[in-house]
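The values are calculated or read from the model by the stated rules, or taken from the named source; none is laboratory data. Please read these numbers as outputs of a predicted model, since none were measured by experiment. Note: ideal-geometry Cβ built from the backbone for every residue, glycine included; neighbour counts use all protein chains shown. Protein only, heavy atoms only, side chains kept; ligands, DNA and RNA dropped before computing areas. Shrake-Rupley method; radii C 1.70, N 1.55, O 1.52, S 1.80 Å.
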Amino acid sequence: MVHKPWFKLLQPDLVVAGTVLRLQPEALLEWRVRGIIFDVDGTLLPIQQAEVDPAVVAWLEQLRPQFQIWLVSNNINRNRIRQIGESLDLPHIHRAGKPSRRALRRAVTQMGLPVEAVAMVGDRLLTDILAGNRLGLVTVLVNSLLAGVVEEKPAAILDPRS
């Protein structure tokens, strides 16, 4: 397991200049990622929205052949996260308590992958990125999705290794 020094716990490995729709699979494959844990609210859909935008659904479908995917949310509404997970046909965990590592560890264990082969993708530094870094995952920060806003431009990835 790869652990980051405490002063880098809030530093994502990748920063996407835009929403999750701008994250390209190639960027994750360069990091040897084989599994992805997505935050839900703000990352895959706005908190006030009940259904995932068709553009996000299509984007997720492009990822399925290459990655195992889990949803891990701090949202305490079990029904909301269950409905979203079922609509996307993805395993899901609600009430994760991020930045606790417990729920992320559970998802990684279910994937059967080493932590360094799993990415945590989210829109919040103090929950998603901190939790992922504490466990040793590859961390990806994206902008929050806003209701009614769908991006169509190609990805722009900022990689601190460059």
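For segment 140-159, give me each residue that is over 20 Å from ASN75 (Cα atoms) and either in contact with a strand residue (DSSP E or B) (Cβ under 8 Å, 6 or more places away or on another chain) or modelled with pLDDT of 95 or more (or both). It would help to see each step written out before you state the result.
Narrowing segment 140-159 to residues over 20 Å from ASN75 (Cα atoms): 148-159.
Of everything in segment 140-159, those that are over 20 Å from ASN75 (Cα atoms) and either in contact with a strand residue (DSSP E or B) (Cβ under 8 Å, 6 or more places away or on another chain) or modelled with pLDDT of 95 or more (or both) turn out to be ALA155, ALA156, ILE157, LEU158, ASP159.
Please determine whether any residue of segment 75-82 is of a type outside the set (Ser, Thr, Tyr), more than 21 Å from LEU146 (Cα to Cα), modelled with pLDDT of 95 or more and touching a helix residue (DSSP H, G or I) at 6+ places or on another chain (Cβ under 6 Å).
No.
So, THR127, is that one free of Cβ contacts under 8 Å to residues at least 12 places away in the same chain and part of a helix (DSSP H, G or I) or not? It would help to see each step written out before you state the result.
Values: free of Cβ contacts under 8 Å to residues at least 12 places away in the same chain: no; part of a helix (DSSP H, G or I): yes.
It is false that THR127 is free of Cβ contacts under 8 Å to residues at least 12 places away in the same chain and part of a helix (DSSP H, G or I).
Note down all Cβ pairs under 8 Å where the first residue falls in segment 37-63 and is within 11 Å of LEU21 (Cα to Cα), the second is in a helix (DSSP H, G or I) and among the charged types (D, E, K, R), and they're at least six residues apart or on different chains.
Sorted first by the residue in segment 37-63, then by its partner, the pairs are THR43/ASP128.
Working only within segment 1-36, note down all residues that are of a type in the set (Phe, Trp, Tyr) and touching a residue at least 12 places away in the same chain (Cβ under 8 Å). Don't jump to the end; show me each part of the working.
Residues of segment 1-36 that are of a type in the set (Phe, Trp, Tyr), as a first pass: 6-7, 31.
If the condition is that a residue be of a type in the set (Phe, Trp, Tyr) and touching a residue at least 12 places away in the same chain (Cβ under 8 Å), then TRP31 is the only one that fits.
Can you name every residue in segment 1-49 that is under 16 Å from LEU137 (Cβ atoms) and small (Gly, Ala, Ser)?
Once the filter is applied, which keeps residues that are under 16 Å from LEU137 (Cβ atoms) and small (Gly, Ala, Ser), segment 1-49 yields ALA27, GLY35.
If you take the residues of segment 91-132 that are closer than 18 Å to TRP6 by Cα and open to solvent by 60 Å² or more (accessible area, probe 1.4 Å), which of them is nearest to the chain's Cα centre (by Cα)?
Once the filter is applied, the top-ranked residue is ARG124.
With respect to the numbered conditions (1) in contact with a Pro (Cβ under 8 Å, 6 or more places away or on another chain); (2) surrounded by 18 or more Cβ atoms within 10 Å (Cβ to Cβ); (3) not charged (D, E, K, R), which one is the sole condition not fulfilled by LEU88?
LEU88 satisfies all of (1) in contact with a Pro (Cβ under 8 Å, 6 or more places away or on another chain); (2) surrounded by 18 or more Cβ atoms within 10 Å (Cβ to Cβ); (3) not charged (D, E, K, R) except (1).
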